[in-house]
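K.L.:
Mind having a look at this structure? Questions to follow.
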Amino acid sequence: MYGENHTAVIIAAAGAGKRMGMGEINKVYLCLEGEPVLARTIRAFEEHPYVDEIVVAVRRQDEDLCRALIKEKGFKKIGGCVIGGKERQDTVGLALERVSEKARLVLVHDGARPFVQAETITEVIKAACQTGAAVAAVPVKDTIKIAGAPERDEGESRREIQVEKTPDRNRLWAAQTPQGFRKEILQRALKKAEAEGFYATDEGALAEKIGEKVFIVQGKYDNIKVTTYEDLAAGKAILQGRKERKEKLPLREKKGEGNSVRVGIGYDVHRLAEGRALILGGVAIPWKKGLAGHSDGDVLVHSVMDALLGACALGDIGKLFPDTDPAYKDISSLKLLSRVKDRLAHEGFRICNIDATVIAQAPRLSGSTRQMEENIAQALGIHGGQVSVKATTTEHLGFEGRGEGIAAMATAAVEDLPEKD
């Protein structure tokens, strides 16, 4: 669940997969490094902390196979396995009918897109909650030509096709999934499309058709859709690359038997500067000045990250996210906090609780601390009750009291889990 929003995911796996050339065998049941494509896709959402339920839409002839797969893998969030329709949006509409009434956000994802990462899912959910409609997409790398349609049914065509237009590549994005919507927006979009006999190749286009603004969340180039045998080969390379990168992360030396609690302390200071937004705990605070920094300057989140890293003896944020790296220029500190969470999980730690204090003479922050707690908890995938944020002044003493900067300190407790055999 994201905030108060129960989130459902529709996995569309009812296509025939004709371009794979496998006859009656659906491509989503082909094995990729020892596991069916569909199983990998479902697991990405099954393991995501913001996802509450999953509905899988399949072909009628694949229903028994899908149910057996779900049972074998022990997926717990499956709310239904439904038979798809003739076209993609028919399938999505049928699946939407099986989504529970309490769902407020709905994501639609291709069953044949198994490489989606948790970060992309998170960002689409957040954007859909804030804007109503959001799609994952990546900037187009190649120059695109608008021309006549190829004669696909006649094999490789030798007919010369005239170019009509070359659009500006800088404004082109290749749409991916997941695509996220407030439930009522997706319902209205599907209903209108059915009434008008309008068919689109993705749900974002349906939302555009009813006048909704659709926003882009930058996806990842390796979030490919398995359509041909070449895609299977590329998929194996993607998985191998991820495995190698994970293995290259330096593992700490484990001490003791595990299940011990470790504590870390974080402290950070940022200067107040003109022309900057004041961001604390991911909350934009209305104020005449903001905090200087390479990222968004969120001193509260920085102190929390240092506390967590310190508890695990993993250095500090300067080591993980150096301010000399342009990739972190103006980046949201909550995104960096989410990466710290992933690093801790990789190292075998579980977060117990966080206690943080913001030290500022002005502005008053007491009305915003609840949202700060929620933002930090969501970025870390923990319950809001595990995070405490307080605010205090220095009675006009020191640099904080003079309004020159803001400081924050945090204490974090983590559990050192035992190593698996």
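The values are calculated or read from the model by the stated rules, or taken from the named source; none is laboratory data. As the structure is a prediction and not an experimental result, all values here were calculated from the model. All Cβ positions, glycine included, derive from the backbone under ideal geometry; neighbour counts span all protein chains shown.
K.L.:
Looking at the range 17-61 only, could you name the residues that are modelled with pLDDT under 90 and part of a strand (DSSP E or B)?
P.N.:
Across the range 17-61, the qualifying residues are C31, L32.
K.L.:
Does A149 fit the bill of being assigned by TED's automatic domain parsing to the domain that holds F45 and either of a type outside the set (A, V, I, L, M) or under 30 Å from I376 (Cα atoms) (or both)?
P.N.:
Spelling it out, it is not the case that A149 is assigned by TED's automatic domain parsing to the domain that holds F45 and either of a type outside the set (A, V, I, L, M) or under 30 Å from I376 (Cα atoms) (or both).
K.L.:
Tell me, which residue of the range 221-267 that is over 28 Å from I351 (Cα atoms) and assigned to a loop (DSSP other than H, G, I, E, B) is modelled with the lowest pLDDT?
P.N.:
Here the answer is T228.
K.L.:
Within the range 319-349, how many residues are more than 20 Å from the chain's Cα centre (by Cα) and either hydroxyl-bearing (S, T, Y) or surrounded by 13 or more Cβ atoms within 10 Å (Cβ to Cβ) (or both)?
P.N.:
Within the range 319-349, residues that are more than 20 Å from the chain's Cα centre (by Cα) and either hydroxyl-bearing (S, T, Y) or surrounded by 13 or more Cβ atoms within 10 Å (Cβ to Cβ) (or both) number 5.
K.L.:
Does the range 252-260 contain any residue that is crowded, with 20+ Cβ neighbours inside 10 Å and either in contact (Cβ under 8 Å) with a residue 12 or more places away in the chain or closer than 25 Å to E373 by Cβ (or both)? Break it down stepwise before answering.
P.N.:
Here is the first cut: in the range 252-260, the residues crowded, with 20+ Cβ neighbours inside 10 Å are none.
So far as the range 252-260 goes, no, none of its residues is crowded, with 20+ Cβ neighbours inside 10 Å and either in contact (Cβ under 8 Å) with a residue 12 or more places away in the chain or closer than 25 Å to E373 by Cβ (or both).
K.L.:
So, one more: In the range 167-224, which residues are farther than 22 Å from E101 by Cα, under 16 Å from the mean Cα position of the chain (by Cα) and not aliphatic (A, V, I, L, M)?
P.N.:
If the condition is that a residue be farther than 22 Å from E101 by Cα, under 16 Å from the mean Cα position of the chain (by Cα) and not aliphatic (A, V, I, L, M), then Q176, T177, F215, Q218, G219, K220, Y221, D222, N223 are the ones that fit.
K.L.:
So, one more: Can you go through L365, L337 and tell me which one is in the same structural domain as Y267 (by TED's automatic domain parsing) and either in a loop (DSSP other than H, G, I, E, B) or in contact with a strand residue (DSSP E or B) (Cβ under 9 Å, 6 or more places away or on another chain) (or both)?
P.N.:
Numbers: L337 fails: either in a loop (DSSP other than H, G, I, E, B) or in contact with a strand residue (DSSP E or B) (Cβ under 9 Å, 6 or more places away or on another chain) (or both).
Checking each option against the conditions leaves just L365.
K.L.:
Which residues, counting only those in the range 281-301, are in a strand (DSSP E or B) and either out of contact with any Ser or Thr (no Cβ under 7 Å at 6 or more places or on another chain) or outside the structural domain of L344 (by TED's automatic domain parsing) (or both)?
P.N.:
Step one: filter the range 281-301 for residues in a strand (DSSP E or B), giving 283-285, 290-291.
A284, G290, L291 - these are the residues of the range 281-301 that are in a strand (DSSP E or B) and either out of contact with any Ser or Thr (no Cβ under 7 Å at 6 or more places or on another chain) or outside the structural domain of L344 (by TED's automatic domain parsing) (or both).
K.L.:
Which residues, counting only those in the range 139-158, are of a type in the set (A, V, I, L, M, F, W, C) and either at pLDDT 90 or above or assigned to a strand (DSSP E or B) (or both)?
P.N.:
V140, I144, I146, A147
K.L.:
Within the range 194-226, count every residue that is more than 21 Å from V56 (Cα to Cα) and in contact with a Phe, Trp or Tyr (Cβ under 7 Å, 6 or more places away or on another chain).
P.N.:
4
K.L.:
Count, please, the residues in the range 203-220 that happen to be modelled with pLDDT of 95 or more and within 15 Å of V108 (Cβ to Cβ).
P.N.:
Number of matching residues: 8.
K.L.:
Within the range 319-362, how many residues turn out to be modelled with pLDDT under 90, under 19 Å from G266 (Cα atoms) and hydroxyl-bearing (S, T, Y)?
P.N.:
Total satisfying the criteria: 0.
K.L.:
Also, I was wondering about something else. Has the range 115-127 got any residue that is assigned to a strand (DSSP E or B), under 30 Å from G381 (Cα atoms), in contact (Cβ under 8 Å) with a residue 60 or more places away in the chain and of a type in the set (D, E, K, R)?
P.N.:
Initial filter on the range 115-127 (assigned to a strand (DSSP E or B)): none.
Scanning the range 115-127, I find no residue that is assigned to a strand (DSSP E or B), under 30 Å from G381 (Cα atoms), in contact (Cβ under 8 Å) with a residue 60 or more places away in the chain and of a type in the set (D, E, K, R), so the answer is no.
K.L.:
Can you pull out the residues in the range 381-421 that are of a type in the set (A, V, I, L, M, F, W, C) and within 14 Å of S303 (Cβ to Cβ)?
P.N.:
If the condition is that a residue be of a type in the set (A, V, I, L, M, F, W, C) and within 14 Å of S303 (Cβ to Cβ), then V387, V389, A391, I406, A407, A408, M409, A410, A412 are the ones that fit.
K.L.:
Another question, then. I'm checking my understanding of the structure. Among residues of the range 302-318 that are hydrophobic (A, V, I, L, M, F, W, C) and in a helix (DSSP H, G or I), which one is nearest to the chain's Cα centre (by Cα)?
P.N.:
It comes out as M305.
K.L.:
Go over the candidates E123, E119 one by one and state the one that is among the acidic types (D, E) and surrounded by fewer than 20 Cβ atoms within 10 Å (Cβ to Cβ).
P.N.:
Working: E123 fails: surrounded by fewer than 20 Cβ atoms within 10 Å (Cβ to Cβ).
Checking each option against the conditions leaves just E119.
K.L.:
Tally the residues that are β-branched (V, I, T) and either within 11 Å of E53 (Cβ to Cβ) or over 26 Å from the mean Cα position of the chain (by Cα) (or both), restricting the search to the range 80-89.
P.N.:
Here the count works out to 1.
K.L.:
Of everything in the range 159-197 that's charged (D, E, K, R) and surrounded by 10 or more Cβ atoms within 10 Å (Cβ to Cβ), which residue is modelled with the lowest pLDDT?
P.N.:
Checking each candidate, the answer is R169.
K.L.:
Among the residues in the range 274-283, are any modelled with pLDDT under 95, on the phi > 0 side of the Ramachandran plot and surrounded by fewer than 21 Cβ atoms within 10 Å (Cβ to Cβ)?
P.N.:
yes
K.L.:
Here are some residues: A379, A410. Which one is surrounded by 13 or more Cβ atoms within 10 Å (Cβ to Cβ), in a strand (DSSP E or B), in the same structural domain as L314 (by TED's automatic domain parsing) and in contact (Cβ under 8 Å) with a residue 40 or more places away in the chain? If you could, list the steps in order and put the result at the bottom.
P.N.:
Values: A379 fails: in a strand (DSSP E or B).
Selected residue: A410, the only one of A379, A410 that is surrounded by 13 or more Cβ atoms within 10 Å (Cβ to Cβ), in a strand (DSSP E or B), in the same structural domain as L314 (by TED's automatic domain parsing) and in contact (Cβ under 8 Å) with a residue 40 or more places away in the chain.
K.L.:
Within the range 44-62, which residues are more than 14 Å from the chain's Cα centre (by Cα) and either outside the structural domain of E123 (by TED's automatic domain parsing) or of a type outside the set (D, E) (or both)?
P.N.:
Selection gives I54, V55, V56, A57, V58, R59, R60, Q61.
K.L.:
If you take the residues of the range 70-79 that are within 25 Å of the chain's Cα centre (by Cα) and assigned to a helix (DSSP H, G or I), which of them is surrounded by the fewest Cβ atoms within 10 Å (Cβ to Cβ)?
P.N.:
Step by step, filter the range 70-79, then rank; the result is K73.
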